[in-house]
Amino acid sequence: MVNKVIIGILVLLVVLMGGSGYYSYTLNQQIDDLGEQLTAFETEQTARIDAMSDELGELRQETDSLDSRIEGVQSEVDTLDSELGAIKDLISGVEDEIAGVSTQIRTLDERISSAEADISHSIIDASEVYEKVSLATVRITDGQSTVGSGFIYDTQGHVVTAHHVIDGLSQIFVMMYDGRISKATTVGYCQFSDVAVLKLKDNPSIEPLPMGDSSLIEIGEPVIAIGSPLELRDTLTTGVISQINRFTDYGPGNYVVANLLQFDAAVNPGNSGGPLFNSKGEVIGLVTARVDPITGDGIYWAVASNKVKRVADAIIASGYFDYPWVGVGITDLTPQMVQEMSLETANGVLVTAIFPDSPADVAGIQDDDIIVAIDGVPVRNMAELTSYLGEYNSPGDEAVLDVIRDTNRLEISVEIGTRE
């Protein structure tokens, strides 16, 4: 029994030892396989690491190449920036030169315009002006003969002429350049300006003449007079402006008129009331009179256009023109007066009389006062003082007279009145 047990134990031990050997063998075999696998893995990883190292090396080379290329591009950019800066400087210089040339061109244009203006002032195309204005220049007749001239003033059928032309006429006829005739009535007049406005019964629908600015007239400027002297209808004469702001008396009615232009284009009886033109064909004066041929020649008068327009517009609007008045008698200073009064200059106007209750009387103007300026504008003589009053002052205005009284200089305010 014991032997069977021992034999069984031995058999069991043999089996166990065989199993243990088999297990050891199998374990060693697995360990070997794992070793081989680990070796293969290490080999594979080493190969991958080597490949990655190679790739990293290539990337470093490419990076270095890119860095080099970037440096090259940056160098090119810097070069381009430098060149662009030079180009900008060049453009700026060219722009400065262009600006300088533009300034020179503008200066030349201004000089050319000025020269053209000077030329237009010194040269007049009489035939061109005549063609432009002759249709609106008219003859004034009493139904039998020409008594003066005039011109179409506006589109409402008003004609402007000199007052002394129509003064005393029982009937007035106006003859157009094209031969048409219309009766006319007197709208109003101003004897102190020798300006009258007529209204045509039959409006001829003729374009009116443009009125020029007589304050822009220059001495020596060429002028054209158009009228019908001595029954010689539509006559043109030329000359120049001799002086402005003249003051004189003329005619059988003893017209005393200021704001006169002196010119030397020949005019004769029949020209009175006709227009005086500048080189643009603008009316700059209303022909009124001439120096008596027995006294002299080459001196003719025209009321300045600004005065004509002022008077004509007032007459058309209200039928009359209130002529400004101060109420003093005045005279020009003579060399003897300058010496006796110990004056520095002959410029100014001597007050010789004060009308009772006149604006001058109320303001305190005195005999022997010397008026040297009005509203800050210097006056050299009676002509300039009366011309300023006639063109720039109206009844009710306040004017400031600069007056020399003895050795004192005063400023005296005067309320302008209306000349009766």
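The values are calculated or read from the model by the stated rules, or taken from the named source; none is laboratory data. On a predicted model such as this, the values are computed, not experimentally measured, just so you know. So basically every Cβ, Gly included, is an ideal-geometry build from the backbone, and we count neighbours across all protein chains shown.
Brief remarks on what is shown
- Where L232 falls short, out of the listed (1) surrounded by fewer than 19 Cβ atoms within 10 Å (Cβ to Cβ); (2) at positive phi: (2)
- Here N393 passes the criteria (1) under 22 Å from Q191 (Cβ atoms); (2) more than 35 Å from the chain's Cα centre (by Cα); (3) not aromatic (F, W, Y) except the one numbered (2).
- When I412, I365 are checked against the criterion of being part of a strand (DSSP E or B) and in contact (Cβ under 8 Å) with a residue 40 or more places away in the chain, a single residue qualifies: I412.
- Of residues in the range 269-278 being on the phi < 0 side of the Ramachandran plot and at pLDDT 95 or above, the one surrounded by the fewest Cβ atoms within 10 Å (Cβ to Cβ): N278
- A126 meets each of the listed conditions (1) at pLDDT 95 or above; (2) under 19 Å from D234 (Cβ atoms) apart from (1).
- Filtered residue count, the range 290-325, keeping only those that are more than 36 Å from the chain's Cα centre (by Cα) and either surrounded by 15 or more Cβ atoms within 10 Å (Cβ to Cβ) or under 16 Å from R419 (Cα atoms) (or both): 2
- So I370, is it under 30 Å from Q156 (Cα atoms) and not hydroxyl-bearing (S, T, Y): no
- Any hit, the range 86-95, residues being over 30 Å from S228 (Cα atoms), surrounded by 10 or more Cβ atoms within 10 Å (Cβ to Cβ), under 29 Å from the mean Cα position of the chain (by Cα) and modelled with pLDDT of 75 or more: yes
- Exactly one residue out of V187, V174, V197 is assigned by TED's automatic domain parsing to the domain that holds K309 and farther than 19 Å from Y323 by Cα, and it is V174.
- If you filter the range 342-359 down to residues that are out of contact with any helix residue (DSSP H, G or I) (no Cβ under 8 Å at 6 or more places or on another chain) and buried (at least 16 other Cβ atoms within 10 Å of the Cβ), you find that the one that is nearest to E398 (Cα to Cα) is P359.
- Scope the range 243-256; condition surrounded by 18 or more Cβ atoms within 10 Å (Cβ to Cβ) and over 14 Å from S272 (Cα atoms); matching residues: I244, N245, R246, F247
- Meets criteria (in the same structural domain as T386 (by TED's automatic domain parsing), part of a helix (DSSP H, G or I) and farther than 26 Å from D213 by Cβ) for Q336: yes
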